[in-house]
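Colleague: Below are the C-alpha cells for one structure; questions will follow.
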Amino acid sequence: MEPIDTARRVPRRLRDPLAPLLAVGLVVMWSSGFVGAELGTRYAPTTTLLAWRFLVVAALLVAWCLWRGVRMGRRDLTLHGTVGLLAQAGYLYGVVAAAEHGVSAGTSALVAALQPMVATALAVPLLGESVRGRQVVGLVVGLGGVALVVGSDLVGAGAAPWWAYLLPLGAMLSLVAATLTERRTRPGGGLIEALAVQCSVSAVLFVGLATVTGTLAPPADPGFWGAVAWVVVLSTLGGYGLYWINLARSGVARVSALLYLTPPTTMLWTWLMFGDPVSAGTLAGSGVCLAAVWLVRSGHPGRTRDAAAGESRRPRDEGTSAEPLSPDPDRRPLR
C-alpha cells in the first residue's frame, strides 16, 4: 500500500507556524517607512536623511560581517548591489522625496500598494509563477480597498505639485524590478550579508549625492537623529529584513499582497503619532484589504516552473518542502 503523504493534508499555516508572525511583522515594519520619511524630512532634505540612514546601517552590518569573517563571491556581490540600488536606493528616494515635496504618507502608501498588481502580472511570464483565479480576484479587490483607505487624501491633495506624485510611482516600479531580479537570479548569502551589501551600495550613492548638493552635514536638532534611528531599526533592518525573509519562504504574489495592508497601517501610525483623523472610508477600506489578503494568501503559494519541475522529479517519500532549489549547489539561497 502506498504511504499516505500527510504533509499534503496539513494546512500550510500549521506546517509553518512562523508565517503569520512574519507576515504581520512585515506589514508593521514596512508601514513604518512611510512614517519615517515624514518624520525625517521635517528636519533635513531627502539626501541628508538617506545618506545618514545608510551610513549608520551599513557601518553596523559591515562590522558584523567582518567580525564573523563572512565572504561573498563576485557574482553575489554584484547581484546584491544591483538589488540594493533598486530596492533601497531607488525605492526609498522616491518615497522620501515625495514626503519632502508634500505628498502625504497615506498617498505614498497607496501608490506603493500598486506593487502587488504589477509584480504579480510580471511574475507570471518572467518567473513562471502560478496564480490562481481567487488570487487575481484578491489582488483586484485589494486595489479597491486601498483606494477606499486613502481616497479622501487623493481628492483633497493640493499641497504637493503634480509631478511629486510620480516619485512614489517610480519608487514602486523600482521595488518591483528589485523583487523580480532577486527571484530570477537567486543570489547566494545570508540575509545580513545581503543587507550589508545593499546598504553599502546605497550609502555610497547617497553620500555622493549629498556631498555634491551640499546637504551632507546633519542638522543639530536631536529630532533628526531620532528619525534616523527610526528608519534604521524599524524600516531598514525590520522592513527590508522581513521582506526578503517572507519572499524567500513564499511566492511574489503572496508576499506582495501583504503590501495592500500598508496604507491602512500607515494611517494608524499617523493617527497615533500625528493625530491624523481616521475616517469611515479608512475603516471600510481596511476591511476590504484584509479580505483581499486572505483571498491571495489562502491559495497555494506561487511556484516557478523550475521549482515545479524539480518537485516532479523527486521521489514521493522526500516530502513537500517549499524551499526553492538553488541552481548552484555550492551557493546558499537567501534566507
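The values are calculated or read from the model by the stated rules, or taken from the named source; none is laboratory data. Source: prediction; values computed, not measured. Note that each Cβ is placed from the backbone with ideal geometry, even for glycine, and that neighbours are counted across all protein chains shown.
Colleague: Sort through Thr181, Thr270 and tell me the only one that's in a helix (DSSP H, G or I), among the β-branched types (Val, Ile, Thr), closer than 27 Å to Val24 by Cα and out of contact with any Leu (no Cβ under 8 Å at 6 or more places or on another chain).
Modeller: Thr270
Colleague: Then there is this: Condition test on Gly102, is it modelled with pLDDT under 90, outside any helix (DSSP H, G or I) and either under 16 Å from the mean Cα position of the chain (by Cα) or not hydrophobic (A, V, I, L, M, F, W, C) (or both)?
Modeller: Against the criterion (modelled with pLDDT under 90, outside any helix (DSSP H, G or I) and either under 16 Å from the mean Cα position of the chain (by Cα) or not hydrophobic (A, V, I, L, M, F, W, C) (or both)), Gly102 qualifies.
Colleague: Next question. Do we have Gly310 as loosely packed, with under 15 Cβ neighbours inside 10 Å and either touching an Asp or Glu at 6+ places or on another chain (Cβ under 6 Å) or at pLDDT below 80 (or both) here?
Modeller: Yes.
Colleague: How about region 232-265: which of its residues are within 19 Å of Leu92 (Cβ to Cβ) and outside any helix (DSSP H, G or I)?
Modeller: Of everything in region 232-265, nothing turns out to be within 19 Å of Leu92 (Cβ to Cβ) and outside any helix (DSSP H, G or I).
Colleague: Within the set of pairs 6 or more residues apart or between chains, which connect a residue that is more than 13 Å from Thr46 (Cα to Cα) inside region 202-231 to a residue that is part of a loop (DSSP other than H, G, I, E, B) with Cβ atoms less than 6 Å apart?
Modeller: Pairs that qualify, where the first residue is more than 13 Å from Thr46 (Cα to Cα) and the partner is part of a loop (DSSP other than H, G, I, E, B), are Asp221/Tyr43; Gly223/Tyr43.
Colleague: Going through region 47-76 one residue at a time, which ones are within 14 Å of Ala194 (Cβ to Cβ) and either touching a residue at least 24 places away in the same chain (Cβ under 8 Å) or surrounded by 23 or more Cβ atoms within 10 Å (Cβ to Cβ) (or both)?
Modeller: Within region 47-76, Val57, Ala58, Leu61, Val62, Trp64, Cys65, Val70, Met72, Gly73, Arg75, Asp76 meet the criteria.
Colleague: What are the residues in region 209-246 that are in contact with a Lys or Arg (Cβ under 9 Å, 6 or more places away or on another chain), under 30 Å from Arg183 (Cβ atoms) and not β-branched (Val, Ile, Thr), if any?
Modeller: Ser235, Trp244, Asn246
Colleague: Then there is this: Which residue pairs have Cβ atoms under 9 Å apart, sit 6 or more places apart or on different chains, and have a first residue in region 105-119 that is assigned to a helix (DSSP H, G or I) and a second that is modelled with pLDDT under 75 and among the charged types (D, E, K, R)?
Modeller: Within 9 Å, the pairs are Ala105/Asp276; Gly106/Asp153; Gly106/Asp276; Thr107/Asp153; Leu110/Asp153.
Colleague: Report whether or not Ala98 is buried (at least 24 other Cβ atoms within 10 Å of the Cβ) and at negative phi.
Modeller: Against the criterion (buried (at least 24 other Cβ atoms within 10 Å of the Cβ) and at negative phi), Ala98 qualifies.
Colleague: Right, Leu22: in a helix (DSSP H, G or I), modelled with pLDDT under 55 and of a type in the set (A, V, I, L, M) or not?
Modeller: Answer is no for this residue.
Colleague: Would you check which residues across region 206-216 are among the hydrophobic types (A, V, I, L, M, F, W, C) and either assigned to a helix (DSSP H, G or I) or exposed (fewer than 12 other Cβ atoms within 10 Å of the Cβ) (or both) and list them?
Modeller: Phe206, Val207, Leu209, Ala210, Val212
Colleague: Follow-up. Show the residue pairs meeting these rules: Cβ distance below 7 Å; 6+ apart or different chains; first residue within region 77-95 and under 13 Å from Gly189 (Cα atoms) and in contact (Cβ under 8 Å) with a residue 12 or more places away in the chain; second residue crowded, with 23+ Cβ neighbours inside 10 Å and of a type in the set (Val, Ile, Thr).
Modeller: Final answer for the pair search is Leu77/Val197; His80/Val197; Gly81/Val197.
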